[in-house]
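In what follows, a structure is listed as structure tokens, so that the remarks can point back to it.
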Amino acid sequence: DYITASVLFSTALAIGNKLELKGKYDNIPLLWLVIVGNVSSGKTEPLKTCLSYFINKEEEAFNEYKIQKSLFDAEMKKQKKERDASLQPPIYFQYLLNDYTPEALYDVHTINDRGLSIYRDELKGWLDDFGRYNKSGEQSTMLSTFYRQPMQINRASKEPIFIHKPCIYVSGGIQPDILSDLAKDNRAENGFLSRFIFAYPDLADKQPYSNKKLNADSLMKYHKYLNVLTTIPEIVDLKLSNEAELIYANWYNDNAEKTNNEPTGYLKGVYGKLDVISLRLAIV
């Protein structure tokens with residue numbers, strides 16, 4: 001379950017906003033994933049391994065950024081008339097954000113407009129950070145990004161930022177004992193919690209010792225697979241075939257009936273979000 005969820009998520013992140021399913025509402029494979037498991041149950045490694053392609057890309061990008069930043073700083077130390085006027089400050093392209101300020105998230109997204117992920121080994125830490133730097137309404141902002149509502153940021157002494165269609169994925173793990181913390185601060189009632197998909201296997205015990213390892217060649221080929229997706233140059237429009245739309249319509253109607261018959265407000269929200277999540281998974 002952990003591996004499959006991680007493969008689906010990393011595939012979705014690699015696609016970013018470059019495959020768009022056109023219909024009544026437009027969808028990209030934007031997912032919020034939670035891996036649920038006890039300490040030492042092995043929940044961390046599958047997601048970390050599947051995201052290793054992005055981690056490696058960021059390391060390469062950061063090393064190149066440092067080199068270019070050094071060259072840029074050296075150029076700026078020259079007399080103005082001696083500087084290369086065409087030289088621009090270097091940028092650092094990121095896919096994964098761990099510890100960040102809201103302002104940093106906006107800045108990174110202006111550089112990477114195809115899709116990035118908030119990635120925390122323990123997602124509770126991400127939620128605890130809401131409001132850590134300022135009362136900027138991070139939770140409300142994240143609610144809006146799930147449906148790609150425009151983000152407009154005005155900051156003192158800095159240029160304003162406008163992101164027309166945000167593409168912010170979320171991934172990480174949590175322990176069953178603190179799963180209820182995801183619902184705090186009105187997150188069960190306002191639809192925040194129902195935006196997540198959960199990988200929570202029935203068998204989540206720590207497993208016996210095994211010396212089996214992931215084949216290095218398989219991982220290399222997996223990285224090549226992700227690289228093909230991350231290098232899709234332009235947005236490709238998709239649509240459901242007639243057969244697929246009929247299947248979706250039948251499922252949608254069954255799910256609508258389940259939603260209407262559900263007495264619990266929270267679960268109504270969960271079923272409602274599945275209309276969108278199912279289409280996003282279909283893209284993947």
Practice item. Take P89 and decide whether it is part of a loop (DSSP other than H, G, I, E, B) and at pLDDT 95 or above. Key: no
**Study point:** Matching entry among G23, G37, G42, G16 (being at pLDDT below 95, open to solvent by less than 60 Å² (accessible area, probe 1.4 Å) and under 27 Å from D217 (Cα atoms))
**Key:** G42
Exercise for review: Looking only at region 83-97, decide whether some residue is in contact (Cβ under 8 Å) with a residue 24 or more places away in the chain, closer than 28 Å to E20 by Cβ, surrounded by 17 or more Cβ atoms within 10 Å (Cβ to Cβ) and not hydrophobic (A, V, I, L, M, F, W, C).
Suggested key: yes
Review point. Hey, among the residues in region 214-248 that are in contact with a strand residue (DSSP E or B) (Cβ under 8 Å, 6 or more places away or on another chain) and open to solvent by less than 70 Å² (accessible area, probe 1.4 Å), which one's farthest from R280 (Cα to Cα)?
Key: I232
Check your understanding: Tally time: how many residues in region 92-117 are modelled with pLDDT of 95 or more, part of a loop (DSSP other than H, G, I, E, B) and over 30 Å from E75 (Cβ atoms)?
Key -> 1
Revision key, fill the gap. When restricted to R155, R120, the only residue assigned to a loop (DSSP other than H, G, I, E, B), open to solvent by less than 70 Å² (accessible area, probe 1.4 Å) and of a type outside the set (S, T, N, Q) is R155
Check your understanding: Within the set of pairs 6+ apart or on separate chains, which have a first residue in region 155-167 that is farther than 21 Å from L96 by Cα, a second that is open to solvent by 80 Å² or more (accessible area, probe 1.4 Å) and in a loop (DSSP other than H, G, I, E, B), and C-beta atoms under 8 Å apart?
Key -> P160/N154
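The values are calculated or read from the model by the stated rules, or taken from the named source; none is laboratory data. Computed from a predicted structure; not experimentally measured. As a convention, Cβ positions derive from the backbone with ideal geometry for all residues, glycine included, and neighbour counts pool all protein chains shown. When the accessible area is computed, the model is the full protein with side chains, heavy atoms only, and any ligands, DNA or RNA have been set aside. Shrake-Rupley method; radii C 1.70, N 1.55, O 1.52, S 1.80 Å.
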